[in-house]
Amino acid sequence: MERIQGRDEVARTVGMHPDAFVYRWLSTLFASELTPAAVASYRGAQGRAFLDALVASGPVEEDAAALLRHLDTADSPDDAALDLASAYAWLFHGVGGPQSVPPFASVYAGEKPHTGQQAEADFRALLRRFGLDARYAAHEPADHVAVMLEFMAWLIEHPGDDAALCRRELLERHLLNWFPRFAALCAERDRHGFYAALAAMTLHVLEADRANID
């Protein structure tokens, strides 16, 4: 994955591998709505410095710039968080009805647009190989994008032959086989714009990682 200046320094501060840091950060943004405090932190000096570092970093430059713009659309962090929560619910909690974009692999990789199909069973089996199926999939169907990105961070932090093979398998068979369609639908249906930019950024990270993985 292409290195991001500034990101590496932040990752070292929290004792985390830089690539794992990015995957875990992306995972948290898909896992739940941003709180007013989180929005305020991104608008503050440290949060803006991190996003500015992403803006200066090659393939995710336009996506990071879009995230910055959408975080600044409302007057206050409270208003921005409310707008983002509405967008999150519309897309990922089904509030948008047929305009929703479920964040589960089965919806796109399965025979029918439903959760809980073979794609979830296959990914849960991958988690089970490392004893992580209960840890990462306790409350959601296992094939939620946030769980997959968090698992990628874990694999990066636990290097080894099996982890390297699993990382390639995760990218090719469990993420890049459906995530491009998910990102395209977010771009089409996100009325706010933040999650469309987040999905585009995540896709660029996945593609860059696949191109450079050993």
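Shown here are the Rg and Dmax of the Cα trace of the chain, at 16.6, 49 Å.
Say a paramagnetic label sat at a point 7 Å from the Cα of His158, along Cα to Cβ; which residues of region 194-214 have their backbone N under 20 Å from it? Hits in region 194-214 for His158 at 20 Å: 214.
Pairs of Cα atoms nearer than 8 Å and 6+ residues apart set the relative contact order; for the chain it is 27 percent. Normalised by residue count, region 156-198 yields a Cα convex hull volume of 63 Å³ per residue.
State which stretch of the chain is the longest one without any exposed trypsin sites (Lys or Arg not before Pro), exposure meaning a DSSP loop state and at most 14 other Cβ atoms within 10 Å. Answer from the scan: 4-190. Given +1 at the Cβ of Lys and Arg, -1 at the Cβ of Asp and Glu and no other charges, the dipole of region 7-212 around its Cα centre is 300 debye to the nearest 20. Its relative contact order, with pairs defined as Cα atoms under 8 Å and 6+ residues apart, puts region 103-214 at 22 percent. The calculated FRET efficiency for Glu111 paired with Arg69, based on their beta-carbon distance and R0 = 30 Å, is about 0.20. Fully extending the segment from Ala125 to Arg173, taken as 0.36 nm per residue of separation minus the present Cα-Cα distance, adds 16.0 nm. As an equivalent ellipsoid, region 143-214 spans semi-axes of 25, 11, 10 angstrom, where each value is the square root of five times an eigenvalue of the C-alpha gyration tensor, largest first.
We did not get these values from a lab; they are worked out from the coordinates using the rules stated. Keep in mind the model is a prediction, meaning the values are calculated, not measured. Neighbour counts run over all protein chains shown; Cβ positions are idealised from the backbone, glycine included.
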